[in-house]
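Asker: Please read through the structure below; I'll follow up with questions.
The values are calculated or read from the model by the stated rules, or taken from the named source; none is laboratory data. Please read these numbers as outputs of a predicted model, since none were measured by experiment. Glycine gets a Cβ as well: all are built from the backbone with ideal geometry, and neighbour counts include every protein chain shown. Only protein heavy atoms, including side chains, enter the accessible area calculation; ligands, DNA and RNA are left aside. Shrake-Rupley method; radii C 1.70, N 1.55, O 1.52, S 1.80 Å.
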Amino acid sequence: GQNLVAEGHDGNARIFDDDVQAAAEQMQQDDDVIEIKLSVIFDCAVSVLKVCILLFLKMLILPLVLGILLDCATLELFDAKIQSRVQYAGADLFGGLLIHWVAGITFMLFVTVSVLQLREVIHPDLLARIIRPQEPQPDLLGNLLKERGFTHAKRMLVSLSIYIALLAVNVWLPSKCLALSGISSYVPVFRPRFWRIVLPQLQVPLELLVFHLSMLAVLEKYKNFIGQLQHKWLVFMCGFLGLTDCLLPRDVDGFVLVGSKPLFRPSNDDSKGILEATFISGEATAVKTGEEPEAPTGSKELDPFWTELISLHKKNDLIDGCIVAHVNADDAPTSCVETGVTNSAGRRVLDASKARIRLPMQPGDTPFYEDEVTMKKESTFLPTSIGAYRFRLSPSTESDKLASSDESIEIWKEVCGNPTPRPPEGWDDLGAGGAEVQGRWAWNNEAKSKIEEGIAQRSVFFESRAEDENRITSAVKHGVKGLYLILKVVVLVILSWMAMSVTIFCGISAPLVTGRFIFFLLQLPVHFIHDPIAYTIGGATVFPIVFKIQKAVTKREDDVSRCLLNWASSFRLPPQGSPKLGIVLQALILWFAVIPLLVGLIYHLFFVKGPSFWLHNESLLDATSLAFAWGVGTMLMNAWAALCFINAFKSEFWLNIVFVGDPAAAGGGVADAAAGAGAGAGAAPVAPNNANNDADGGDDNDDASDHEVAPSLASSPMRLQGKDGLVARFSSVLYAILGKWEWDKVDRDILLGQSLVPLVQQLLILFVGPIVAFLGWSKLLSFLTRGRGRAGIILPYVGFVERGLYLRFFYRFFVLTTLSIQLASVGQKALQRWFRAAHSAARNDRYLIGEVLMNYVRQPSN
């Protein structure tokens, strides 16, 4: 019994031990699972922390540091001190940090875009292997996590160093020069004015947000324009300094024969072998010579020049020195030039089907072509294209069925043409593909585009020395030439820095000066001037004019002075007795004198004239008022005409800006169709009245035809807006007359009947009508008050109002009333459509038209 009890205890102990062991194993498994989960969580947290730190450093700290450095570099220009900046940051910390961040990120964007454009403008041998192009980042977070923190830190330090160096050269140094010259005190951009409409803590961030988004949009749309400016500047300056072959990519126009070199030379060494020459199709590679058969004494051997050439090609060394030293160019005919062909890769060659020459094994063998399959490894191959040189068997050697020992190879050199237009269109489209598709210069091991394959070889600054050339003589000869070219490059860099500084200065100052001048014409009070708005208005005025001038100048082959001389020399008057000159003079007087004066006087009476004027304490008209009125009227009229030309008064224009980004497209397509539909029934574009445009316009038939056609034109008026509208027709006719002296384009209806005369009539109504109504109301009010309101009147809830104030109010009321009546009469068809649409909507809603009606079923009560 005791044994049984002991065995029972032992069994229970074993079961207990098994349970304990199983529980321990389960706990260990649970601990392992928890450890794995904690490890995963920790890794995720570390990854998130790493990404956050990198983004924080790259997107916040780096731009902020650059913005603070920009501010410090320009403090002297703005006549400010660090203490004032610290005080502003203390009053508005968020606004101060945001200003510096926006300044820094804008500087980074400009530098990045400019450097990337410069990479594509100059020859690919210079910057294409150093500056990495913009590439698509489908897995940006993965790339950030894959690379080590040390790599990111090194890149950030390198980027910061480059930005600081460029900031010192392009911002601090020009700022120092401007401050020392004293010009900064006269430039408006360094004495900014701000109008605080709302709280600065709210207004400043909103304006900075709008500025940043606008800058992103402008850079995205016009970044290639920066590259085009760089290209035009470098083409001009490199042509002037003689650096085009060294710095810019050029097309290959053809090839000139340098000379002809025999394959063999007399041999006194019996151990030399004799080789055979033939063309081999395939890619341009060279295979090293293998074992060579023995030849009898007194035979000819392969010229070592060819093996040296192949060796230099394998080492990617320059072959110019070797060819110049061994080939006598005087023996080549001067007129031997060939255009060549372009192979499938885009490279300019003599024959696209022949890429290698197999040097002959022995004289007397029959030349034959070999492909990649039958090519012998023991042969020595000379590529037909090495650098700027092309090689081809002489015609006699290629035509003979049996090769002789007098075989020779012709050596041709590229003839450089015009600089290759850069940058190519769409090169920065990240979704298009690599360099082969985009047309940009290749990076690292990318396949080259046809454009890059087709450019000419660049001339180097220091040429290589031939093997048989004296080292000292070569150093003196090539070193002096290289130093001279380097000196030219330094001059180019200095001139480019000066040109860039002047361009940036003008690009910042010119729009602001223009905007300030517009505010001056509008006679706004000083405390209402806000420089961000002034810069926007000035930029919208200056930049389109600059772009138009730049396009007009680049399209013309002759220079501007020659064009002006040709224009002046081609002047001619219309036929004698023709009314065309009178029509043009009337149009010019109305557009440049009458209409601006009417618009300016209406503006001055409505906005500028104060209460003292309406109390007859100021002169009605003086020279200063007329000058300001003419200036502001000219500005407003031309601005209105430009807005009509680009269709800016249509909703499609603004939709294209927001969603398409091409405001010029608003002048046609959907916008034109919408504008034509909005003109109403019968509103169709009218062709110019060519019946008036006979050269012998002195007859009475011209006037008769004018009177005959006028009613039909009046019955179907042109629409004003768009590139086919009345404003565009008027400007094109005026340009044809004054720019090309084409008097046959004179059209009375385009210049007067449908444009200026109706406009003058409406402006006269707007000018005279409110004045007459105001005078009548003043007389009536004086009669009703019997002269007791000379000082002013008392109004309910307002109190005492001075007489000048309420007189000005009544004049403005009459102007607005007259303008409303004019707009209603012009847009009565649109108002009728709006009224009918509103009436139909209200009627349909009242009578449930268009609604789905359902029977009402009463639910039974419980």
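Asker: Against the condition part of a helix (DSSP H, G or I) and open to solvent by less than 70 Å² (accessible area, probe 1.4 Å), how does I99 come out, does it pass? It would help to see each step written out before you state the result.
Answerer: On the way: part of a helix (DSSP H, G or I): yes; open to solvent by less than 70 Å² (accessible area, probe 1.4 Å): yes.
Against the criterion (part of a helix (DSSP H, G or I) and open to solvent by less than 70 Å² (accessible area, probe 1.4 Å)), I99 qualifies.
Asker: Taking the range 227-244 as the region of interest, how many residues are surrounded by fewer than 17 Cβ atoms within 10 Å (Cβ to Cβ) and farther than 19 Å from E425 by Cβ?
Answerer: Residues flagged as surrounded by fewer than 17 Cβ atoms within 10 Å (Cβ to Cβ) and farther than 19 Å from E425 by Cβ within the range 227-244 amount to 4.
A quick yes/no check of all residues on (1) more than 19 Å from H212 (Cα to Cα); (2) among the hydroxyl-bearing types (S, T, Y); (3) without any contact (Cβ under 8 Å) to a residue 12 or more places away in the chain:
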position: E25; (1), (2), (3): yes, no, yes
position: C52; (1), (2), (3): yes, no, yes
position: L60; (1), (2), (3): no, no, no
position: G67; (1), (2), (3): no, no, no
position: D71; (1), (2), (3): no, no, no
position: A80; (1), (2), (3): yes, no, yes
position: Q83; (1), (2), (3): yes, no, yes
position: V86; (1), (2), (3): yes, no, yes
position: G96; (1), (2), (3): no, no, yes
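Asker: Could you pull out the residue among D32, D92 that is among the acidic types (D, E) and open to solvent by 30 Å² or more (accessible area, probe 1.4 Å)?
Answerer: Details: D92 fails: open to solvent by 30 Å² or more (accessible area, probe 1.4 Å).
Answer to the check: D32.
Asker: Quick check: is even one residue across the range 612-632 in a helix (DSSP H, G or I) and under 35 Å from the mean Cα position of the chain (by Cα)?
Answerer: Within the range 612-632, the subset in a helix (DSSP H, G or I) is 612-614, 623-632.
Checking which are under 35 Å from the mean Cα position of the chain (by Cα) leaves us with 631-632.
Among the residues of the range 612-632, at least one is in a helix (DSSP H, G or I) and under 35 Å from the mean Cα position of the chain (by Cα), which makes the answer yes.
Asker: Being of a type in the set (G, A, S), in contact (Cβ under 8 Å) with a residue 24 or more places away in the chain and not in a helix (DSSP H, G or I), is that true of even one residue in the range 586-604?
Answerer: no
Asker: For V210, are the conditions met, namely being open to solvent by 30 Å² or more (accessible area, probe 1.4 Å), under 22 Å from the mean Cα position of the chain (by Cα) and within 30 Å of G96 (Cα to Cα)? Let's see the steps before the verdict.
Answerer: Details: open to solvent by 30 Å² or more (accessible area, probe 1.4 Å): yes; under 22 Å from the mean Cα position of the chain (by Cα): yes; within 30 Å of G96 (Cα to Cα): yes.
Answer is yes for this residue.
Asker: Moving to a separate point now. Which one of the conditions (1) open to solvent by 80 Å² or more (accessible area, probe 1.4 Å); (2) over 28 Å from the mean Cα position of the chain (by Cα); (3) modelled with pLDDT of 90 or more does R196 fail to meet, given that it meets all the rest?
Answerer: R196 satisfies all of (1) open to solvent by 80 Å² or more (accessible area, probe 1.4 Å); (2) over 28 Å from the mean Cα position of the chain (by Cα); (3) modelled with pLDDT of 90 or more except (3).
Asker: If you check G582, G515, which single one turns out to be open to solvent by less than 40 Å² (accessible area, probe 1.4 Å) and touching a helix residue (DSSP H, G or I) at 6+ places or on another chain (Cβ under 9 Å)? Steps first, please.
Answerer: Details: G582 fails: touching a helix residue (DSSP H, G or I) at 6+ places or on another chain (Cβ under 9 Å).
Of G582, G515, the one residue that is open to solvent by less than 40 Å² (accessible area, probe 1.4 Å) and touching a helix residue (DSSP H, G or I) at 6+ places or on another chain (Cβ under 9 Å) is G515.
Asker: Could you say whether any residue in the range 137-160 is open to solvent by less than 60 Å² (accessible area, probe 1.4 Å), of a type in the set (S, T, Y) and farther than 30 Å from G387 by Cβ? Write out each step before concluding.
Answerer: Our first condition is that a residue be open to solvent by less than 60 Å² (accessible area, probe 1.4 Å); within the range 137-160, this holds for 142-144, 147, 149, 151-153, 156, 159-160.
In the following step, the residues that additionally are of a type in the set (S, T, Y) were identified as 151, 159.
Of the ones still in play, those that are also farther than 30 Å from G387 by Cβ are 151, 159.
Scanning the range 137-160, I find at least one residue that is open to solvent by less than 60 Å² (accessible area, probe 1.4 Å), of a type in the set (S, T, Y) and farther than 30 Å from G387 by Cβ, so the answer is yes.
Asker: Checking the conditions here, which among L127, L93 is of a type in the set (A, V, I, L, M) and more than 28 Å from L199 (Cβ to Cβ)? Even if it seems obvious, please write down each step before you answer.
Answerer: Details: L93 fails: more than 28 Å from L199 (Cβ to Cβ).
Result of the check over L127, L93: L127.
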